[in-house]
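**Q** Before anything else, here's the structure in question.
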Amino acid sequence: MSVKDRKWWRNGVVYQIYPRSFCDSNGDGIGDIPGIISKLDYLKELGVDIIWLSPVYASPNCDNGYDISDYRAIHPDFGTMDDMEMLIREAKIRDIRIIMDLVVNHTSDEHQWFKKAVEGDHKYKNYYIFKEGKNGKLPNNWGSFFGSDCWEKVPGEDNLYYLHLFDKKQPDLNWHNPAVYDEVCNILRFWLDKGIAGFRCDVINVLYKNSLEDGKKKIALTGLEYYHSTEGNHDILRRLREDVLSKYDCFTVGETVLVDTKMAMDLCGSDRKELDMVFGFEHMECDQIGIKWFKTKYRPKRLIKALDRWQHDMEWNANYFENHDQPRSVSRFGNDDEYHDISCKMLAGLLLSLRGTPYIYEGQEIGMTNGDFKDLSEMQDVESHTVDGTMKSLHFPDRLRDKLLKLTTRDNARTPMQWSGDVGAGFTKGTPWLKINANHAYINVEKQLKDDDSVLAFYKKMIAFRKDSETLQWGEYERLKSPENVYAFRRYTDDKNTVVICNMTAKKQPVWVQAVKTRENSELVLKFSNYLSDEDKASSDLFSFRPFEFCVFEEE
Ligand code: TEU
Ligand code: CA
């Protein structure tokens with residue numbers, strides 16, 4: 001499928017900032033907006049066009065800002081509204097746009113709407129989903145995304161509960177109520193008028209619940225069939241676009257949980273007029289059994305298969321290997337030991353060669369690894385603590401519980417950004433809110449800025465290479481034949497053909513490169529690679545791909 005419309009958000013490189021962990025300007029241990037402003041030049045240098053800012057709104061922080069108590073206020077930990085306006089201005093001066101997180105499946109239980117609702121105010125009661133328990137039990141058998149049930153008793157009531165698909169401090173909004181729709185339209189306008197260039201829309205395909213019946217029993221997310229990508233949800237997305245978003249030069253990327261490519265196309269195909277692109281999760285599931293807390297051995301061919309399916313089926317992709325909910329990609333799909341740098345570079349090359357908008361998560365550009373937590377006591381993630389409780393109640397052996405938590409905790413991605421090798425990692429002069437990884441001593445920005453062969457330098461070069469390449473930015477995609485754990489594909493336009501080959505393993509892999517050219521009298525010429533010495537390779541037919549080798553060829 002081809003996209004004719006060359007929008008800025010299609011060839012832009014996006015960088016996700018998790019504000020708490022990015023840069024602390026005042027020594028309270030928490031990253032903040034002035035800290036972000038101080039790093040804009042760094043981002044510009046890297047080649048970033050768009051920043052996705054995770055929530056900076058007022059919040060009691062039970063889920064680090066994904067529990068919003070005021071959509072129009074900045075959390076004092078992060079700064080003031082003046083700081084936010086300054087950030088938008090300073091970014092604009094550098095030609096960087098900012099998108100914000102839109103979290104409207106739920107609010108915080110400390111939002112004034114919810115407070116008024118539980119005080120009995122009729123108007124606001126209809127903003128949320130309340131239901132009576134039945135026969136001394138919860139209103140239904142649904143399960144939450146954080147691995148618990150999803151009903152909490154309303155304080156002061158005998159038998160009245162509210163629905164929360166996430167934490168109990170995140171009550172779900174009632175999207176059957178037109179007043180909720182109007183509130184959200186106004187919130188969108190408020191930020192768009194301030195110069196925000198779009199939104200990353202949190203769990204945006206579970207807003208509209210068809211009914212509150214008991215669901216078919218499953219190990220996790222019982223009840224999903226009643227609220228997952230419902231017709232009512234599609235309708236909301238279409239109306240938000242028509243009524244508000246289409247009036248601005250902005251875009252939306254939906255975080256759409258549990259969708260296959262068919263459902264994803266229904267959410268962001270250009271004919272649908274709903275979202276502009278979505279984050280799929282299939283490639284994130286390639287090392288798990290059923291649900292995300294059960295990890296299995298990573299096999300590259302599963303990752304390749306998922307990536308290929310999305311590349312092939314989607315009109316346009318939002319490509320990512322990391323975000324604030326996922327373990328670090330080098331610890332997961334690469335090698336965070338012997339082949340650290342080279343595997344990071346291969347993943348960078350791959351990410352920036354795929355068809356779609358690339359999203360880089362803070363720290364990914366220097367190859368930050370999973371956290372080095374001793375045990376749960378060093379983790380802050382509300383999900384990890386809830387899941388731990390559930391595993392305990394199911395009598396999981398201690399060692400297994402500990403192992404699964406370390407592999408899956410979202411704190412793996414949330415450890416403070418490693419700016420330098422100093423105490424505090426150049427992130428803070430105070431005590432960091434979450435433990436800094438000890439490897440900041442040798443994995444850090446300061447060191448990599450001085451090294452032409454660093455992961456950071458490679459990201460810079462690869463971004464620049466992509467920006468120079470018509471095919472990588474706009475070309476079509478086709479998978480090519482290759483050994484099982486080697487990912488080979490071409491990106492092409494009518495007159496240009498670019499071949500990308502990634503060895504996804506730590507073993508050598510033989511590949512007949514010239515066998516995949518499209519014309520008889522042509523040759524595939526090596527243009528870019530993550531290894532320094534490639535002379536021996538440039539003209540040979542049988543390439544022996546070294547561990548995690550990544551190469552781009554042009555057909556000439
Ligand atoms: O995450 C939604 C979500 O379902 C998952 O992708 C997430 O990994 C979660 O852990 C479920 O297993 C979004 C946000 O990205 C996440 O940080 C929030 O906690 C969540 O929504 C609730 O707002
Ligand atoms: Ca701070």
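**Q** Pull up all non-local amide H partners of I360: gap of 5 or more, or a different chain, and H-to-H distance under 5 Å with H placed in the peptide plane.
**A** V14, Y15, Q16
**Q** Against the 2.2 N^0.38 Å scaling, with N counting residues, where does the stretch 309-413 land? I'd like the Cα-based Rg ratio to two decimal places. Intermediate values should be presented prior to the final figure.
**A** Values: Rg = 16.0 Å, N = 105, 2.2 N^0.38 = 12.9 Å.
Cα-based Rg divided by the globular estimate yields 1.24.
**Q** Here is a follow-up. Quote the accessible area belonging to Y531 in square angstrom, nearest 10, computed with a 1.4 Å probe and with ligands, DNA and RNA left uncounted.
**A** Y531 exposes around 50 Å² with every protein chain in place.
**Q** Which whole-number percent is the relative contact order of the stretch 261-412 (Cα, under 8 Å, 6+ apart)?
**A** Values: 184 pairs, mean separation 34.8, N = 152.
In percent, rounded to a whole number, it is 23.
**Q** Starting from the 7 Å offset along Cα-to-Cβ, what nm value, one decimal, do you get for the label separation of N135 and S211?
**A** Simple spin-label model gives 1.8 nm for this pair.
**Q** Given a 1.4 Å probe, how much area per residue of the chain is accessible, in Å²? List each step's numbers first, then the result.
**A** Working: 22010 Å² over 556 residues.
Result: 40 Å² of accessible area for each residue.
**Q** If I fit a long axis through the Cα atoms of helix 300-313 and take the longest principal axis of the Cα atoms of the chain, what angle between them do I get, 0 to 90°, rounded to 10?
**A** Approximately 80 degrees, to the nearest ten.
**Q** Once the principal axes of the Cα atoms of the stretch 420-526 are found, what is the range along each, listed largest first in whole angstroms?
**A** Projected onto its principal axes, the Cα set of the stretch 420-526 covers 62, 31, 24 Å.
**Q** Once you compute Rg and the Kirkwood Rh from C-alpha atoms, what is the Rg to Rh ratio for the stretch 22-146?
**A** Working: Rg = 18.7 Å, Rh = 16.9 Å.
Across the stretch 22-146, the Cα-based Rg/Rh ratio is 1.11.
**Q** Moving to a separate point now. Please give the length that would be gained between K392 and S270 if that part of the chain were fully extended, namely 0.36 nm times their separation in residues minus their C-alpha to C-alpha distance (nm, one decimal). Kindly include the intermediate steps, with their values, before the conclusion.
**A** Numbers: separation 122, 0.36 × 122 = 43.92 nm, distance 4.58 nm.
Taking K392 through S270 to full extension adds about 39.3 nm, to one decimal.
**Q** Angle, helix 81-93 long axis vs. longest principal axis of the chain, Cα atoms, 0 to 90°, nearest 10?
**A** 20
**Q** For the stretch 297-351, what is the per residue volume of the convex hull drawn over the alpha-carbon atoms, in cubic angstrom?
**A** Details: hull volume 5.1 nm³, N = 55.
Considering the Cα atoms of the stretch 297-351, their hull volume per residue is 92 Å³.
**Q** Quick query: amide H of I74 versus all other amide H atoms, modeled in the peptide plane; which residues come in under 5 Å with a sequence gap of 5 or more or a different chain?
**A** For I74, the qualifying residues are A58, M81.
**Q** Can you list the residues, at least 5 places off or on another chain, whose amide H is less than 5 Å from the amide H of F528, using H built in the peptide plane?
**A** When sequence neighbours closer than 5 places are left aside, the close amide H contacts are V552.
**Q** Given the chain, what percent of its DSSP beta bridges are antiparallel, to the nearest 5? Kindly include the intermediate steps, with their values, before the conclusion.
**A** Values: 38 of 62 bridges.
Once the DSSP bridges in the chain are tallied, antiparallel ones form about 60 percent.
**Q** log10 I(q)/I(0), Debye, Cα-only the stretch 1-44, no solvent, q = 0.17 Å⁻¹?
**A** -0.58
**Q** Moving on. Starting from the Cα-Cα distance between Q514 and R89, subtract it from 0.36 nm times their residue separation and give me the gain in nm to one decimal. Please report the intermediate quantities before stating the final value.
**A** Numbers: separation 425, 0.36 × 425 = 153.00 nm, distance 4.94 nm.
148.1 nm is the gain from fully extending Q514 to R89.
**Q** If you plug each phi of the stretch 137-148 into the Karplus form 6.51 cos²θ - 1.76 cosθ + 1.60 with θ = phi - 60°, what whole-Hz ³J(HN,Hα) values come out, in order, with x for Gly and Pro?
**A** Karplus values, whole Hz, x for Gly and Pro: 10, 5, x, 7, 9, 5, x, 8, 5, 9, x, 10.
**Q** Moving on to the next point. Can you compute 3J(HN,Hα) from phi for each residue in the stretch 366-376, using the Karplus curve 6.51 cos²θ - 1.76 cosθ + 1.60 with θ = phi - 60°, rounded to whole Hz and x for Gly and Pro?
**A** Using θ = phi - 60°, the values come out as 10, x, 4, 9, 4, x, 10, 6, 5, 6, 3 Hz.
**Q** A further question on this structure: Could you pull out which residues in the stretch 423-461 have an amide N less than 16 Å from a spot 7 Å beyond the Cα of S377, following the Cα-Cβ vector?
**A** 435
**Q** Any idea what the dipole of the chain comes to, in debye rounded to 20, about its Cα centre with Lys/Arg Cβ at +1 and Asp/Glu Cβ at -1? Write down the numbers at each step before the final one.
**A** Values: 76 positive and 91 negative charges, 202 e Å.
The calculation lands at about 980 debye.
**Q** Contour minus end-to-end for E446 and R299, with contour as 0.36 nm per residue of separation and end-to-end as the Cα-Cα distance?
**A** Values: separation 147, 0.36 × 147 = 52.92 nm, distance 3.35 nm.
Full extension from E446 to R299 adds 49.6 nm.
**Q** Mind pulling up the Rg/Rh value for the stretch 187-242? Radius of gyration and Kirkwood radius, both on Cα. Don't jump to the answer; show the numbers that get you there.
**A** Values: Rg = 14.8 Å, Rh = 13.2 Å.
Result: Rg/Rh = 1.13.
**Q** Hey, what did the chain get for relative contact order, percent, Cα under 8 Å, at least 6 apart?
**A** Numbers: 1160 pairs, mean separation 72.2, N = 556.
Relative contact order for the chain comes out at 13 percent.
**Q** Hey, rough spin-label estimate for E242 and R399, points 7 angstrom out along Cα→Cβ, what's it come to in nanometres?
**A** For E242 paired with R399, the spin-label model returns 6.0 nm.
**Q** Quick check on my link table: of K92/K301; K92/K450; K39/K467; K406/K429; K247/K345, which ones sit more than 31 Å apart, alpha carbon to alpha carbon?
**A** Numbers: K92/K301 41 Å; K92/K450 28 Å; K39/K467 22 Å; K406/K429 27 Å; K247/K345 39 Å.
Correct reply: K92/K301; K247/K345.
**Q** May I ask for log10 I(q)/I(0) of the chain at q = 0.10 Å⁻¹, from a Debye sum over the Cα atoms as equal point scatterers with solvent left out?
**A** Reported log10 I(q)/I(0), two decimals: -0.84.
**Q** Taking the simple approach of a point 7 Å from Cα along Cα-to-Cβ for both E285 and K481, what is their distance in nm?
**A** For the pair E285/K481, the computed spacing is 3.1 nm.
**Q** So if we plug the beta-carbon distance of F190 and E231 into 1/(1 + (r/R0)^6) with R0 = 25 Å, what FRET efficiency do we get, rounded to 0.05? Please report the intermediate quantities before stating the final value.
**A** Values: r = 28 Å, r/R0 = 1.14.
Using R0 = 25 Å, I get an efficiency of 0.30.
**Q** Moving on to the next point. Pairs of alpha-carbon atoms within less than 8 angstrom and 6+ residues apart define the contacts here; what relative contact order does the stretch 24-72 have, in percent? Intermediate results must be reported in sequence, preceding the final value.
**A** Details: 36 pairs, mean separation 9.6, N = 49.
This gives 20 percent for the stretch 24-72.
**Q** Calculate what fraction, in whole %, of the accessible area of the chain sits on carbon and sulfur atoms when a 1.4 Å probe is rolled over the protein chains.
**A** 49
**Q** Here's something else I'd like to know. What number, rounded to the nearest 500 deg cm²/dmol, is the helix-based mean residue ellipticity at 222 nm of the chain, given -39500 (n - 2.57) per DSSP H run of at least four residues and division by all its residues?
**A** Numbers: 18 runs with 159 residues, N = 556.
After summing the helix terms and dividing by residue count, I get -8000 deg cm²/dmol.
**Q** Okay, moving on. For helix 178-193, report the angle its Cα long axis makes with the longest principal axis of the Cα atoms of the chain; keep it between 0 and 90° and round to the nearest 10°.
**A** For 178-193 against the chain, the angle is about 50 degrees.
**Q** Suppose R0 equals 51 Å; then what is the FRET efficiency for E556 and S38 from their Cβ-Cβ distance, rounded to the nearest 0.05?
**A** Numbers: r = 44 Å, r/R0 = 0.87.
The calculated FRET efficiency here is 0.70.
The values are calculated or read from the model by the stated rules, or taken from the named source; none is laboratory data. Everything numeric here is computed off the predicted structure, so don't read it as measured data. For neighbour counting, all protein chains shown are included, and Cβ atoms are generated from backbone atoms with ideal geometry for every residue, glycine included. Side chains included, ligands, DNA and RNA excluded: accessible areas come from the protein's heavy atoms. Shrake-Rupley method; radii C 1.70, N 1.55, O 1.52, S 1.80 Å.
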